[in-house]
């Protein structure tokens, strides 16, 4: 699997800044929050945390910006648990899991595959985390954001599930939990869920 987009990290940072409303809206809809697109920008601008949707939106925004502003932070098990704290802050969530040493090693091996594209590594890591179901709540948002750490740091675009594709994503996720077939789900995410921009060199 190739990289669909080949950006510099700065270009990828600019992409996120330009499309932050789109990405947060998609994340909220996928997480089953009820909100209209036109409500997202004002919500992000005034930083209010007075209801669950506002808190979730602010958490998504802050987590994206944390990734943008911390390029030296490694995508590893420690970062994964930090992601959980950031994305689920002030939300009613269950107890977060700790990764076993075996799971930490599996995750490290999956990320360190020089022969594979960074896009494939990111999607594979996302599916690995979804398969392991490490958290009692927030699995999907945490898995996608972990993948986006890899995507953004390597200029590969952003994984985001549009409102149009959300039902198909849920259908394939359910099937994936039953079959553990990475190939089909991985290819669909590559085809339908990567946002980027074309750059002329």
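No lab work stands behind these numbers, since they all come straight from the coordinates. Being a predicted model, the structure only gives us computed values, none of them experimental. All Cβ positions, glycine included, derive from the backbone under ideal geometry; neighbour counts span all protein chains shown.
If a/c stays under 1.5 just call it rounded; otherwise compare a/b with b/c (prolate if a/b is bigger, oblate if not). Do that for region 1-79, with a ≥ b ≥ c from the square roots of the Cα gyration tensor eigenvalues. The shape class here is prolate. Only helices enter this figure: runs of n ≥ 4 DSSP H residues, each worth -39500 (n - 2.57), summed and divided by the residues of the chain, yield -20500 deg cm²/dmol at 222 nm to the nearest 500.
The overall shape of region 42-134, judged from the alpha-carbon gyration tensor, is prolate: a/c is not under 1.5, and a/b is greater than b/c.
Any chance you could tell me what percent of the C-alpha pair distances in the chain go past 30 Å? That tail contains 14 percent of the Cα-Cα pairs. Centroid-to-centroid, using Cα positions, region 115-178 and region 18-37 are 16 Å apart. Please label the shape of region 150-201 as rounded, prolate or oblate, based on the square roots a ≥ b ≥ c of the eigenvalues of the alpha-carbon gyration tensor (a/c under 1.5 means rounded; beyond that, a/b larger than b/c means prolate, else oblate). Prolate, since a/c reaches 1.5 and a/b exceeds b/c. Between residue 184 and residue 62, the modelled labels are 3.9 nm apart [label points 7 Å from Cα along Cα→Cβ]. Label point of residue 76 set 7 angstrom out along Cα-Cβ; within region 108-129, amide nitrogens under 13 Å from it belong to 108-109, 111-112.
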